[in-house]
Amino acid sequence: MEPLTFKYTILYVDSVKDTLAFYEAAFGLSTAMLHESGDYGELKTGATTLSFSSLELMETLGKKPSKANANNPSFEIAFETDDVPAALSRALKAGASLVQDVEQMPWGQTTAYVSDINGCLVELCTPVAAQP
């Protein structure tokens, strides 16, 4: 059997439409699709899709979703960039909340963290430097 393909991650949010608009403004992504119901949408993020589903839809489907909390995260998503300070500035101007300012990590990576409009923890980072 061939290995499985990681196709998409779905985050549960209050408003899919508002979340797509936020990710466009904060991170420069574009919307791939928004279902006519407004309960599901996807961003263009390459081979693996970042998707959003409404909390209301998940409840209707019998799930018991909880809201994300960047102060007590159970996950994070990360966007790679060569300019973390500029990416952080853009995200904050779009309405993200600062969690951790720009830092140089001992493994050769620059990082910063924000909370999106739904409380999801988002890392902004440079590629990890090659190790000797």
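Tabulated data
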item	result
Pair list, Cβ under 6 Å, 6 or more apart: the range 35-58 residue more than 16 Å from residue 120 (Cα to Cα), other residue buried (at least 18 other Cβ atoms within 10 Å of the Cβ) and of a type in the set (Val, Ile, Thr)	38/16; 41/16
Top-ranked residue of the range 64-77 - restricted to ones that are of a type outside the set (S, T, N, Q) and surrounded by fewer than 12 Cβ atoms within 10 Å (Cβ to Cβ), ranked as farthest from residue 118 (Cα to Cα)	64
Evaluation of residue 58 against (1) out of contact with any strand residue (DSSP E or B) (no Cβ under 7 Å at 6 or more places or on another chain); (2) part of a helix (DSSP H, G or I); (3) farther than 26 Å from residue 92 by Cβ; (4) of a type outside the set (Val, Ile, Thr) (one fails), failing number	(1)
Qualifying positions in the range 38-50 - among the hydroxyl-bearing types (Ser, Thr, Tyr) and either under 19 Å from residue 4 (Cα atoms) or in a loop (DSSP other than H, G, I, E, B) (or both)	45, 48, 49
Test: residue in the range 40-53 that is surrounded by fewer than 16 Cβ atoms within 10 Å (Cβ to Cβ), more than 16 Å from residue 16 (Cα to Cα) and out of contact with any Ser or Thr (no Cβ under 9 Å at 6 or more places or on another chain)	yes
Meets criteria (surrounded by 13 or more Cβ atoms within 10 Å (Cβ to Cβ), within 18 Å of residue 120 (Cβ to Cβ), of a type outside the set (D, E, K, R) and in contact with a His (Cβ under 9 Å, 6 or more places away or on another chain)) for residue 16	yes
Any chance residue 115 is under 25 Å from residue 52 (Cα atoms), small (Gly, Ala, Ser) and surrounded by fewer than 14 Cβ atoms within 10 Å (Cβ to Cβ)	no
Residue 32 being part of a strand (DSSP E or B) and either modelled with pLDDT of 95 or more or more than 23 Å from residue 129 (Cα to Cα) (or both)	yes
Residues being under 25 Å from residue 6 (Cβ atoms), assigned to a strand (DSSP E or B) and in contact with a Phe, Trp or Tyr (Cβ under 9 Å, 6 or more places away or on another chain) - total across the range 61-98	1
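The values are calculated or read from the model by the stated rules, or taken from the named source; none is laboratory data. The structure displayed is predicted, hence computed values, not measured ones. Note: ideal-geometry Cβ built from the backbone for every residue, glycine included; neighbour counts use all protein chains shown.
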